[in-house]
Amino acid sequence: MLANINLPGHELVGQRSVEAMASAELVDMWCRITSKIVKYGFAVRYEDLEAPRTGIFDGLTITLDPDVGFEMQCFILLHLFGHSIQWVAPSLDARTHGFAANEIKLIENLIAENRQILLDAWNEFFNG
């Protein structure tokens, strides 16, 4: 079920999924990843973006559209953070960015385990 939300004076306008709860693993992954990203000096924020944009990386800030489902927000955040690593320090490996090898493996495993959920969210968003 979708509900319209229109909060005057705020940028949160659009459709929200009100009956879907994110899995505990995704929420845990989100918390750990956003914590690391913020500790590197990047900001993570929400803004109503013009379609078809779902996220923007401007060099210091990762902006996500709040109308996108949680699983897709996780994917977009990881994807855009990956661009920051490519952009800012292409010659450095992940360990120099503060991620331990076991954290990288955990992220890879969570993405692999939730691949179909992420793909379904992607397809639903772009293909209706």
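Please treat every number below as a calculation from the coordinates, not as lab data. Bear in mind the structure is a predicted one, so any value in this text is a computation, not a measurement. Quick reminder, even Gly has a Cβ in these numbers, built from the backbone with ideal geometry, and neighbours come from all protein chains shown.
A few notes on this one:
- Cα shape, segment 47-87, gyration tensor, a/c 1.5 rule: oblate
- Approximate spin-label separation GLU25-ASN102, in nm, with each point projected 7 Å along Cα-to-Cβ: 1.8 nm
- Simple label model, 7 Å out from Cα along Cβ direction - GLU113 to THR61, nm: 3.4 nm
- Compared with the direct C-alpha span, the chain from ALA51 to HIS83 gains 9.5 nm at full extension, assuming 0.36 nm per residue.
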